[in-house]
Amino acid sequence: MKRDYLRKVAFGISVDEDVPSDPLVWAQNQFDVVPDFIWEKKLPTLDEQRDRYGHWVYQDREVLREKHKNDRLAYEKEKDHLRNITGERFFESLELSVRHTNALASHSPAFERMWHFWGNFFAISEKDFLASFSTGVYQREIIRPNMVNTFEELVYAVTTSWCMLHHLDNAENIGPNSKEGVRKNSDNDKQKVGLNENHARELLELHTLSPDANYTQEDVVEMAKVMTGWRHFWSKKKLEAGPIKFQPEYHEQGPYKILGKVYDIKDFNTVNKGKELKVVIKDLANHPSTQRHVAKKLCQHFVCDEPTDEMIIPIVNAWKKNDGNLVEIHKATMRTVFQYGSNYRKFSMPELWLLQNAKMLGLLYIYMSPQGFEFKGSKPSRSHELVKDILWEIGHPIYRAKQPNGYIDLEDEWLSPELIIRRLAAARRFVNITNPNVNYDQEYFENVIIKNFDHPDKLLKLMKESTFYADRFAVFANSPEVMRA
Amino acid sequence: MNCTRRSFLKGSLATIFFSNFNVPLYGSIINPKKNIVIISLRGGMDGLTAVPVNDNLISHYRSDLILNHKLKLNPDFSLHPKLKTLHTLWSENLAAVVHATNMPYTERSHFDGQNIMETGALKAYTEKTGWLGRGMKSAGLYGSSLALSLPMPLLLRGVEKNNNYYPTWMHLPKREVIERITRAYDGVEQDKLQEVYNVIMNRPLTMQGGDETLDSLSKRTAQILKDPLGPKVAVFDLEGFDTHTAQGTVNGEHAENLQDVDLIIKNLHAGMGSDFDNTLILTLTEFGRTVEQNGGNGTEHGYGSAILMAGGLLKKSQVFSDWPGLKKGNLFQGRDLLSTIDSRSVYASAMSAVFDVEFDRIKNDVFWNEDIKDFSNLLFRV
């Protein structure tokens, strides 16, 4: 297996690229350093995006609603303007364009694939205005740089990020015996506060152990206690968009008992209180159930829906041998795909399918890529929005998963007729985003197919039968060889 | 959540298709197909706006949200003036309301609330399937649903072969192109895609094209449900009920949203003809809203709401409620209409009636034998 592998771990190769002589080495070499973004224009930072988020919610919630309380049309009009000047409409398109530019033009496409995997593993689902402002930059600033660190460091960075804490309501997770908890609960006019298990539950279920670890509801409650105090700094003008600060006055004292292990408060002095979370995450992140859960998810993404032990165990072993170093985990994953991938045809989720087609056919749909564009205080044009629009139409708006478990990487999730209709229809439109300098004749398709498929005969024949120019794109993109890698 | 995006008003119709091809026609004549339609109202529907109670206290709590021209149902309750169809159907015993009801969820997060309204679980994110999907599975109904949305709603998950349809402005390739693609799957081992392409190609041609509105979508749905071989379960998804500001009264945002609900019911009633007799429509929302108005002449997230119901499978016109009252002490946490009926009892009873499955089986298979009540005989024609 040589050529199929390039599609299994990356997006395939373009007609101008050479097939690497050793695909496994080619892939493994991409994980040692974090590749730069190709985007030449300045990218917004997470702090800037948090501020913009804050400005948007404050103006809408605290200013406009009061100002126009008797005039909905005036309210809608000014809100619309606010949307444009804060970039509420803009940044999702910008971030997706950055993501697709790197996927298609980077020299480390396997790294980009892995970045997409982790973004979905630690999904921020569609909540409030996260997708509009911060999910893209969260993936760039929180996930990406940690892909050369340990899994433990990655989990900790994600767990204490403003995006995940806000996404899973941890600000509402207040120790009932904490200073603030006691104060709030003694005020009869105020709503009672207490533990909110949301974030703690997802940390155990999705981000670390998985239900296979057989943790109990009691473990979830204890985890929630550990997480109390990790919240945004609230201010009148920024509301929930203030920076994250561990706030001891909301923190529930230990000791805590999680998976049978007692974490005693005596181990932590006052200064170190917030570090309890770090200590617990260290154990969770390196737990055998976590290793297996993550390794299985990796195999599920790259190899097949129901991975076997022989695929999973080498990844777990690399994890153990290298103390959870992600570079080695990624390299072991590449080897597993190399060894077992040829026995399976993994169904590609819509975005991956789009990117593979775009890579192989040289489709041009990212506005101003790779020079890039930036936010200038106005609403996006249709060209700015094209990446977002296509993803929306094919049913895969990346930052808008409906649930915290992200998009599910199993083919049954994606085989609904309407979703397949969307791929047929989208591929029909590929003819509108082709490279004008390329002649998409039979010879072109032949070259592309020979470079990207180990067993090209059936696909070559299928394309030969597709004599009508515009049909070729729909036939190619929806062929059995391209729908699965 | 993004409440300005009115999903149904975007895009244009491209395709539609049937499922359930294998049901023999004569079977349907002997036993008419029964349909259930769920309309999800995302954002939190204000039950007191949709179905106002005749109580002077209301003007004390929400003086800027008082409705004129209410459509009277009985001495105690009325309908919002935009729910005209529902009011007409009421007089024919084809409409009813369950009031002061909700999922047993009191935390007021859209995010968790919508998860719970779809899974029917007591806690958010503890279940990965929807109550309707599990109900269909319990009744052995495979390939009998149509979601009018692009991603399969969580509500329908848990049963195989669901169908979905959602307008797009994009067009399919020519039929011969899809045929060529389908043939390419010949001999590809165990690829479920070929079956999907076959389903796509077997859509009746009359169901292609059309315009992009909720009006059109609901008219088409009526035709689909009318077909004895068509699906038995349809799910609509409406957004925008989260009216924190300028909620409006007879007109305004909440009113327009209710008008959308009324439009679906109107088109299903008009389009389905006598098949409407074998149909049950119910709304579903994550929570109600505060009784008291807020500083922006809107309302905040609350608890108890109402379920609007229509169709010939209703037992009679009624406002079914264990009314908790609006005195401050009667409100949940002093602010929300209390929910006195676990709405899961209503949905379980509805599934029992429509799917012809014993209530206890639904209670067990769908709601983990939790303490819900059988209202089948009180609410529905069984």
| field | Residue within region B:144-158 that is more than 16 Å from the chain's Cα centre (by Cα), modelled with pLDDT under 90, outside any helix (DSSP H, G or I) and surrounded by fewer than 21 Cβ atoms within 10 Å (Cβ to Cβ) present | value | no
| task | Answer yes or no as to whether B:GLY135 is crowded, with 20+ Cβ neighbours inside 10 Å, touching an Asp or Glu at 6+ places or on another chain (Cβ under 9 Å), in a loop (DSSP other than H, G, I, E, B) and more than 9 Å from every other protein chain (Cβ to nearest Cβ). | result | no
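Would you check which residues across region B:103-132 are small (Gly, Ala, Ser) and more than 13 Å from chain A (Cβ to nearest Cβ) and list them?
Scanning region B:103-132 gives a single hit, B:GLY120.
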| Qualifying residue in region A:56-71 (condition: at pLDDT 95 or above and crowded, with 20+ Cβ neighbours inside 10 Å) | yes
| query | For region A:346-385, what are the residues that are part of a helix (DSSP H, G or I) and within 23 Å of the chain's Cα centre (by Cα)? | reply | A:PRO350, A:GLU351, A:LEU352, A:TRP353, A:LEU354, A:LEU355, A:GLN356, A:ASN357, A:ALA358, A:LYS359
| field | 2 or more residues within 9 Å of chain B (Cβ to nearest Cβ): qualifying helices (runs of 4 or more DSSP H) within region A:398-485 | value | A:417-428, A:457-465, A:471-477, A:480-483
| said: Could you check region B:156-197 and list, in sequence order, the residues that are under 28 Å from B:ILE38 (Cβ atoms) and more than 7 Å from chain A (Cβ to nearest Cβ)? | reply: B:LEU156, B:ARG157, B:GLY158, B:VAL159, B:GLU160, B:LYS161, B:PRO167, B:TRP169, B:GLU195
| Residue list for region A:176-189, filter: assigned to a loop (DSSP other than H, G, I, E, B) and out of contact with any Phe, Trp or Tyr (no Cβ under 6 Å at 6 or more places or on another chain) | A:PRO176, A:ASN177, A:ASP187, A:ASN188, A:ASP189
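Show me the helices (runs of 4 or more DSSP H) entirely contained within region A:41-151 in which 1 or more residues are in contact with a helix residue (DSSP H, G or I) (Cβ under 7 Å, 6 or more places away or on another chain) and among the hydroxyl-bearing types (Ser, Thr, Tyr).
The qualifying helices (runs of 4 or more DSSP H) are A:46-58, A:72-86, A:91-105, A:130-133, A:135-138.
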| task | Consider only pairs whose beta carbons are under 9 Å apart and that are at least six residues apart or on different chains; among these, list those whose first residue lies in region A:197-216 and is within 12 Å of another protein chain (Cβ to nearest Cβ) and whose second residue is of a type in the set (Asp, Glu). | result | A:ASN198/A:ASP169; A:ASN198/A:GLU172; A:ASN198/B:ASP112; A:HIS199/A:ASP169; A:ALA200/A:ASP219; A:ALA200/A:GLU222; A:LEU204/A:ASP219; A:PRO211/A:GLU205
| note | Per the filter on region A:359-410, residues surrounded by 20 or more Cβ atoms within 10 Å (Cβ to Cβ) and of a type in the set (Gly, Ala, Ser) are A:SER369, A:GLY395, A:ALA401
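Return the only residue of A:GLU197, A:GLU205 being surrounded by fewer than 21 Cβ atoms within 10 Å (Cβ to Cβ) and either of a type in the set (D, E, K, R) or at pLDDT 95 or above (or both).
When all the criteria are applied, what remains is A:GLU205.
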| note | In region B:302-340, anything outside any loop (DSSP other than H, G, I, E, B) and buried (at least 22 other Cβ atoms within 10 Å of the Cβ) is listed as B:SER305, B:ALA306, B:ILE307, B:LEU308, B:MET309, B:ALA310, B:LEU314, B:ASP336
| remark: When region B:334-346 is checked residue by residue, the ones that are of a type outside the set (D, E, K, R), touching a residue at least 12 places away in the same chain (Cβ under 8 Å) and either under 18 Å from B:ARG108 (Cα atoms) or touching a strand residue (DSSP E or B) at 6+ places or on another chain (Cβ under 7 Å) (or both) are B:LEU337, B:LEU338, B:SER339, B:THR340, B:ILE341, B:SER343, B:VAL346
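The values are calculated or read from the model by the stated rules, or taken from the named source; none is laboratory data. Fair warning: this is a prediction, and the values are worked out from it, not measured in the lab. Using ideal geometry, Cβ is built from the backbone for each residue, glycine included, and neighbour counts are taken over all protein chains shown.
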